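Written out below as structure tokens is the structure these notes cover.
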Amino acid sequence: MSFLMNNYLYNCLKYLFIKIIFMRKVVAIIRASKFEQVKEALAGAGINFFTYYEVRGFGMQKGEKKVYRGAVYDAGYIARYKLEILLSEEQVDSAVQAIQSTGKTGTIGDGKIYISPVEEVIRIRTGERGKDAV
Ligand SMILES: Nc1ncnc2c1ncn2[C@@H]1O[C@H](COP(=O)(O)OP(=O)(O)OP(=O)(O)O)[C@@H](O)[C@H]1O
Ligand SMILES: [Mg+2]
């Protein structure tokens with residue numbers, strides 16, 4: 001019983017700690033065609049910093065076929081951009097909102113956003129850490 005209680009308490013504290021102390025990494029996989037709009041919406045939300053790369057991948061419908069100029073393309077060959085943004089916890093909602101409102105077409109293949117905790121961020125130039133370094 002006390003073991004269970006300790007375990008429960010430990011998990012609660014761990015969760016709280018992560019929630020309060022950790023920064024966030026927001027990853028978004030978007031249509032390449034939506035990149036400029038997403039970038040502008042993020043800038044509008046005060047987020048002018050991210051890393052991006054061109055990626056390829058498959059979603060749920062990996063057999064999905066698209067017809068383009070008479071040829072059939074597997075959806076896996078549609079170019080997408082992957083954005084990686086380091087943020088403080090308070091900035092996450094506005095980032096998600098900016099990406100979702102501009103990245104959405106409503107058709108399959110619009111992409112994904114996922115969020116994870118980041119233990120530490122360090123600004124190389126100044127040595128600042130944590131939220132100050134975001
Ligand atoms: N579970 C996943 N893990 C990693 N990458 C993923 C995952 N799901 C989708 N992706 C990436 O996102 C891109 C777009 O996926 P897609 O939007 O088709 O996802 P979906 O879950 O099939 O949603 P939808 O039903 O809207 O098509 C993929 O090409 C792939 O790069
Ligand atoms: Mg899909």
Quiz item: Which one is farthest from R123 (Cα to Cα), of the residues in the stretch 87-110 that are in a helix (DSSP H, G or I) and without any contact (Cβ under 8 Å) to a residue 40 or more places away in the chain?
Solution: Q100
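Can you confirm whether the stretch 112-127 contains a residue that is more than 16 Å from ligand 1 (Cβ to nearest atom), small (G, A, S), under 20 Å from F22 (Cβ atoms) and surrounded by fewer than 16 Cβ atoms within 10 Å (Cβ to Cβ)?
Residues of the stretch 112-127 that are more than 16 Å from ligand 1 (Cβ to nearest atom), as a first pass: 117-127.
Subsequent filtering for residues that are small (G, A, S) retains 127.
This time we only want the ones that are under 20 Å from F22 (Cβ atoms), so: 127.
From what is left, the residues that are surrounded by fewer than 16 Cβ atoms within 10 Å (Cβ to Cβ) are 127.
Looking for residues that are more than 16 Å from ligand 1 (Cβ to nearest atom), small (G, A, S), under 20 Å from F22 (Cβ atoms) and surrounded by fewer than 16 Cβ atoms within 10 Å (Cβ to Cβ), one finds at least one in the stretch 112-127, hence yes.
Quick one: is V55 at pLDDT below 85 and either within 25 Å of I108 (Cα to Cα) or within 16 Å of ligand 2 (Cβ to nearest atom) (or both)?
no
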Quiz item: If you scan the stretch 84-118, which residues turn out to be acidic (D, E), in contact with a strand residue (DSSP E or B) (Cβ under 8 Å, 6 or more places away or on another chain) and under 15 Å from V26 (Cα atoms)?
Solution: E84, E89
Quiz item: V27 passes all but one of (1) surrounded by 10 or more Cβ atoms within 10 Å (Cβ to Cβ); (2) not in a strand (DSSP E or B); which number fails?
Solution: (2)
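The values are calculated or read from the model by the stated rules, or taken from the named source; none is laboratory data. Everything quoted here is computed from the prediction, not taken from an experiment. When we count neighbours, we look across all protein chains shown, and the Cβ atoms used for this are built from the backbone with ideal geometry, even at glycine.
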